[in-house]
Amino acid sequence: MKCILVCALLAVCALSVSAKLQNITVKGVAVCQKKRMANQHVQLYDRDTLDPNDLLAEIHTNKEGEFQLYGEEDEVGSIEPFVRIHHSCNAKPDIPRKFAQRLIALS
């Protein structure tokens, strides 16, 4: 049993040593029907297969609808970034804003 635990620990250490720090910067403008959208919640994530996605950064758009996010992550392979925008564009009054969202893959 101790041998299995030691092997598992060594495997985890080997993976963490082989991981490299990667980063991404995302700039954009939230637009709905040709109008810029202020105060929209924007999140930058790294998609993970076996564990929950990693939140790298989040911000609200400025009064012009602009945003800029920077995130970094130690990852064994390449990061798989995506942006989630919680918005009120064309939202029906009875749908909470947290359910009105758009995912944009960046890889």
Candidate set from the range 22-45 (those that are surrounded by 15 or more Cβ atoms within 10 Å (Cβ to Cβ) and out of contact with any His (no Cβ under 9 Å at 6 or more places or on another chain)); member that is nearest to Cys89 (Cα to Cα): Arg36
Complete set of residues in the range 46-73 that are surrounded by fewer than 12 Cβ atoms within 10 Å (Cβ to Cβ) and in contact (Cβ under 8 Å) with a residue 24 or more places away in the chain: Lys63, Glu64
Output for the range 13-69, where each listed residue is touching a Ser or Thr at 6+ places or on another chain (Cβ under 9 Å), outside any strand (DSSP E or B) and under 14 Å from Ala105 (Cα atoms): Arg47
Subset tally (residues that are under 21 Å from Thr49 (Cα atoms) and at pLDDT below 85) for the range 80-102: 1
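The values are calculated or read from the model by the stated rules, or taken from the named source; none is laboratory data. Quick caveat, the model's predicted, so the values are computed rather than measured. Reconstructed Cβ throughout: ideal geometry from the backbone, glycine too, with neighbour counts over all protein chains shown.
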